[in-house]
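A.B. asks: Quick one: this structure, given as structure tokens, is what I'll be asking you about.
The values are calculated or read from the model by the stated rules, or taken from the named source; none is laboratory data. Computed from a prediction, not measured in an experiment: that's the story for all the values here. Every residue, glycine among them, receives a Cβ derived from its backbone with ideal geometry; neighbour counts consider all protein chains shown.
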Amino acid sequence: MRTIGFLAMCTVVAVMVTSPGTVSNLLLGAATELRGPFNDQTHDWRPALARGDRADRHAELIPAEDVVTTRPWETVAEVIADASLVRVSKANLSQDAAATVFTITLSQGLTAEVFTLSNPYRVVIDMPEVAFALPDGTGRSGRGLVREFRYGLFSEDKGRVVLDTTGPVRIDGARMVATSRGVDFEVRLVTISDAEFGKGTGAGRAQPKPTAKAKPRITAPDPKDRLAKISAKPVIVIDPGHGGIDPGAVGVSNLLEKDVVLGVGLALRDVLKRSGNFDVRMTRARDIFLSLDRRVEMSRHHEADLFVSLHADSVSDKGVASAIRGASVYTLSGRASDEQARKMAEKENASDLLAGISSDEDQGASDVRSILIDLMQRETANFSTEFSNVLVRQLRSNVSLSRGPQRSAAFKVLKQTHAPSVLIELGYMSNTEDERLMRTRAWRQKVATSIAKAVGNYFRKRQARR
Ligand code: ZN
């Protein structure tokens, strides 16, 4: 009873529960069908996501130097210091005879939206930006209908939790309950058949053809925003992979790939800027999710002369994890250089799916292999290979390299015709020694300096040929 009273008193607290698979409705902006116990208290969640008055909220396309950065490995206390944000302090899964219940503890109520996705089956919980203050490793194991879950910023002003489910589920209910600790936000999931899931969504609608209306999630930059290339300095776009809702690979002691690559990315930015020879931009300078298309689009927008995507690998086979380590440099190719490289690209290309973007928005990762070679300008491909040569030579003298460190595969983020691009796997998070190094400032600095030297050498060579 207290729940209802709490909700009724407090207008900012509302849970909107939509029927399974309403992602198509959501994207098209059509009215979503409302169900669940609190329909009468529901209001549109969008106003609650309006920009806050914090000064550090910037559009992604502003110069990196103007972005207020968050450092990786911040302590939880620092992260939650922003008192204007609702804090998520606990996440729990429980199972009773009828349902799996996912609960998060919030410092206060908020407006959320819950929906399901198929291919693979997932439940997505969207909220305004919140401060996730959950212990390391949270979500890595599941219970009942939930295999595991992720959480993090999905975009400016939007926090997200994605639950990977064991099969098709229905959202049986969602509610916020006031407790002495704050507010418990519970989502109840029950198992259903594939056919029932299809019925709830329309099997066809679960996989709609992207329409003109559904597309603009990835918006083209306004030409007015286009930053004139005022200096003759080469533009380097640094792209720390993953971020926000997508943690990337998880290390042996729960270090996250998204934090490692942001740390190296920021260090690389600083070294390159200090040289005074480059105009440096970053796709992200904080812990936020960006789709792969968005990263490519930002590279184009900034008129990159070189695009460097930073990642860290991991092998799931514990038997070989101790033997496999070191950095690798990847360039784009329709045919992968080896099976391991092919798998790597598949894993990295899944970033959008992990973040809860439906597969129909993903523009078909499977198409990538067949079309990218036709699209690639030969010259750009050659420059990418040339930079990869210079980079591997430079890294070799400073950091440990994998066996056969120069590889190629169909990475979506490297699908760029305008700029040479490489993807660096900095090491293996599944390897104890690599992970230990990745935690250290000295290693980040060393890697950043090596990459920066390679960038310097590469452009010196190119300019000398002009
Ligand atoms: Zn990655």
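A.B. asks: Check V320 against each of (1) away from the ligand (no atom under 16 Å from the Cβ); (2) of a type in the set (V, I, T); (3) in contact (Cβ under 8 Å) with a residue 24 or more places away in the chain and name the one condition it does not meet.
C.D. replies: So V320 meets the others, but not (3).
A.B. asks: Scan G109, G159 and give me the residue that is on the phi < 0 side of the Ramachandran plot, crowded, with 18+ Cβ neighbours inside 10 Å and not in a strand (DSSP E or B).
C.D. replies: Sole residue among the options that is on the phi < 0 side of the Ramachandran plot, crowded, with 18+ Cβ neighbours inside 10 Å and not in a strand (DSSP E or B): G109.
A.B. asks: Filter the stretch 231-280 for residues that are of a type in the set (D, E) and away from the ligand (no atom under 11 Å from the Cβ); which is surrounded by the fewest Cβ atoms within 10 Å (Cβ to Cβ)?
C.D. replies: Taking the candidates together, the pick is D270.
A.B. asks: Further, regarding this structure: If we keep just the residues of the stretch 383-401 that are at pLDDT 90 or above and among the small types (G, A, S), which is surrounded by the fewest Cβ atoms within 10 Å (Cβ to Cβ)?
C.D. replies: Per the stated criteria, the residue is S388.
A.B. asks: On the basis of being more than 16 Å from the ligand (Cβ to nearest atom), modelled with pLDDT of 95 or more, under 20 Å from the mean Cα position of the chain (by Cα) and not in a loop (DSSP other than H, G, I, E, B), does R300 make the cut?
C.D. replies: Spelling it out, it is not the case that R300 is more than 16 Å from the ligand (Cβ to nearest atom), modelled with pLDDT of 95 or more, under 20 Å from the mean Cα position of the chain (by Cα) and not in a loop (DSSP other than H, G, I, E, B).
A.B. asks: Across the stretch 303-316, which residue is nearest to V280 (Cα to Cα) among those that are within 14 Å of the ligand (Cβ to nearest atom) and part of a strand (DSSP E or B)?
C.D. replies: Filtering first and then ranking leaves V308.
A.B. asks: Okay, next question. M438 is checked against (1) at pLDDT 90 or above; (2) among the aliphatic types (A, V, I, L, M); (3) within 15 Å of the ligand (Cβ to nearest atom); (4) surrounded by fewer than 22 Cβ atoms within 10 Å (Cβ to Cβ) and fails just one. What number does that condition carry?
C.D. replies: M438 satisfies every listed condition except (4).
A.B. asks: Just for the stretch 168-210: of the residues that are in contact with a Phe, Trp or Tyr (Cβ under 6 Å, 6 or more places away or on another chain) and farther than 16 Å from V101 by Cβ, which one is modelled with the lowest pLDDT?
C.D. replies: A178
A.B. asks: While we're here: Against the condition at negative phi, in the same structural domain as G198 (by TED's automatic domain parsing) and more than 16 Å from the chain's Cα centre (by Cα), how does L153 come out, does it pass?
C.D. replies: no
Listed here are the residues, each with its yes/no results for (1) touching a residue at least 60 places away in the same chain (Cβ under 8 Å); (2) farther than 19 Å from P240 by Cα.
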position	(1), (2)
Q394	yes, yes
L401	yes, yes
Q406	yes, yes
K412	yes, no
L423	yes, no
L426	yes, no
T440	no, no
W443	no, no
